[in-house]
Structures are given as C-alpha cells and as structure tokens.
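I have placed the structure first, in the form of structure tokens, so that the comments after it can refer back to it.
No lab work stands behind these numbers, since they all come straight from the coordinates. Just so it is clear, the model here is predicted, and its values are computed rather than measured. Glycine gets a Cβ as well: all are built from the backbone with ideal geometry, and neighbour counts include every protein chain shown.
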Amino acid sequence: MCSQTHCEQLENQITELSARIHAATYRLLELIREYDDSHGWCGPGLNSCAHWLNRKCGINPGAARGALAPMFEIMYQDTHTL
C-alpha cells in the first residue's frame, strides 16, 4: 500500500497522461479524417484509407474501419454542434 501522498502523485500522473492520450488520439483522428477526405492514401495496391493505415501505421484494417468510423461520426457531430 502506498502513502497518501504517493497515491495522490500516482493519481495525478495517471489522469494527466490519460488526458494527453485522449487529446493525441483525437488529433490523430482529425488528421486521418483529413487524409481520408483528401484521398491522400490513394496509390498502387491500396484499396482504402484503412488499408493504408494498416500498411503505414500497423493498424488492423478491421479496427481502422470498425473503431475509427464511430469516432469520425462523433468528431463530425462535435464540429457541427459548436
């Protein structure tokens, strides 16, 4: 068991890192959405942005299609409700 001070420091580090990860993830999704919209991924042997993400970033194509699509929808809603 950690001391109260040490546990508070850990809590602060965890929540701060979590916030940074969420912000970075949101920024990554913004960039991917812009890249997809501009068809920057188009090239020989590439069928989709998900395919490009798999080749260039190691993101599983199913995850790229399945997990990123809902995030794009959320981002789209965010930009149209401000």
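In plain terms, the chain from ARG55 to SER38 could stretch by 4.3 nm, reckoned as 0.36 nm per residue minus the Cα-Cα distance. Highest mean packing comes first when the peptides 46-55, 26-35, 7-16 are listed by Cβ atoms within 10 Å, giving 46-55, 26-35, 7-16.
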